[in-house]
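This report concerns only the one structure given below.
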Amino acid sequence: MDLLTVPQVMARLRLGRSAAYDLLRTRQLASITLGRARRIPAHALTEFVHARLDQEAA
């Protein structure tokens, strides 16, 4: 399983730091905490994008 850092997610989604952490805080994007580090499973990012695409299509 691939785990992404917040900066990697920011780059992939082309979001700023605040927007990325807002997605994590509101649980729109799943993450885990390892020690003090926040990691986002790659499949969670894929699911997030698919959910947003479904919302836009509706």
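FYI, it's all coordinate maths here, none of it is from the lab. Predicted model only: the values in this text are computed from it and were never measured. Methodologically, a virtual Cβ is constructed for each residue, glycine included, from the backbone with ideal geometry; neighbour enumeration extends over all protein chains shown.
Filter segment 45-58 for residues that are within 15 Å of Leu15 (Cβ to Cβ) and not basic (Lys, Arg); which is surrounded by the most Cβ atoms within 10 Å (Cβ to Cβ)?
The residue in question is Leu45.
Val9 passes all but one of (1) in contact with a strand residue (DSSP E or B) (Cβ under 9 Å, 6 or more places away or on another chain); (2) on the phi > 0 side of the Ramachandran plot; which number fails?
It fails just one condition, (2).
So that you can scan it fast, the table gives a plain yes or no per residue for (1) in contact (Cβ under 8 Å) with a residue 12 or more places away in the chain; (2) more than 20 Å from Gln55 (Cα to Cα); (3) outside any helix (DSSP H, G or I):
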site	(1), (2), (3)
Met10	no, yes, no
Ala20	yes, no, no
Gln28	yes, no, yes
Arg39	yes, yes, yes
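For segment 10-44, what are the residues that are surrounded by fewer than 15 Cβ atoms within 10 Å (Cβ to Cβ) and among the β-branched types (Val, Ile, Thr)?
Thr26, Ile32, Thr33 - these are the residues of segment 10-44 that are surrounded by fewer than 15 Cβ atoms within 10 Å (Cβ to Cβ) and among the β-branched types (Val, Ile, Thr).
Provide a single number: the residues in segment 42-56 that are among the polar types (S, T, N, Q) and over 10 Å from the mean Cα position of the chain (by Cα).
The number of residues fulfilling the criteria is 1.
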